[in-house]
1. Taking each full run of DSSP H in the chain as one helix, which ones are at least 27 Å long along their axis (Cα atoms) and have mean Kyte-Doolittle hydropathy of at least -1.0?
2. Would you pull out the residues with amide H under 5 Å of Y100's amide H, same chain only if 5 or more places away, H placed 1.01 Å from N?
3. Rg and Dmax of the chain, Cα atoms, in Å?
4. Choose one answer from R11, R67, R102: the residue with the largest mean-square fluctuation in a GNM of the chain with alpha-carbon springs under 10 Å.
5. Which whole-number percent gives the relative contact order of the range 6-67, counting Cα pairs below 8 Å spaced six or more residues apart?
6. Pairs of alpha-carbon atoms within less than 8 angstrom and 6+ residues apart define the contacts here; what relative contact order does the chain have, in percent?
Amino acid sequence: MNNKFSEVMARCSDSELIEIITKKREEYESEALKAAEVELKKRNLSTEQIQEARESVEEKDQELKQRAEEPLGEGWMALNFFLPGLITYVFAREFKADGYERKYNEAKQWMIYGFGFYLGLIVLLIVCASIFFK
């Protein structure tokens, strides 16, 4: 049985194939899943090799979870506070694209604080100017 996904699945590592047929089933078409299962059977892996591949998948999952929970550094907080805007938002989006969900959320939060600070400063200056220059 040779389908259009066979070549792609043949290039995948053992752990990638196991991840596809176990954890990522909903992300793939049925033909792709069949190709992955066929490729895994072709490789005739021992139980130790399958266990190693599963452990590799679990390690990858743990790494992704740790990455998602990594906090934003103080330098980034200051940058987002004092220079809120498009450039810092682009950097924040890069955090999200790289899997740093918490960093992304905290960067947005510090940008909002920065905008609030500058807005408050502008209001204060307008009020002071209206008092002193009557």
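1. 101-132
2. Amide H neighbours of Y100, under 5 Å, 5+ apart: none.
3. 25.1, 88
4. Per the Cα network of the chain with a 10 Å cutoff, R11 tops the list.
5. After rounding, I find 45 percent.
6. Working: 109 pairs, mean separation 27.2, N = 134.
Result for the chain is 20 percent.
Each reported figure results from applying straightforward, stated rules to the coordinates on display, with no laboratory input. What you see is a predicted model, and the numbers here were worked out from it, not measured in a lab.
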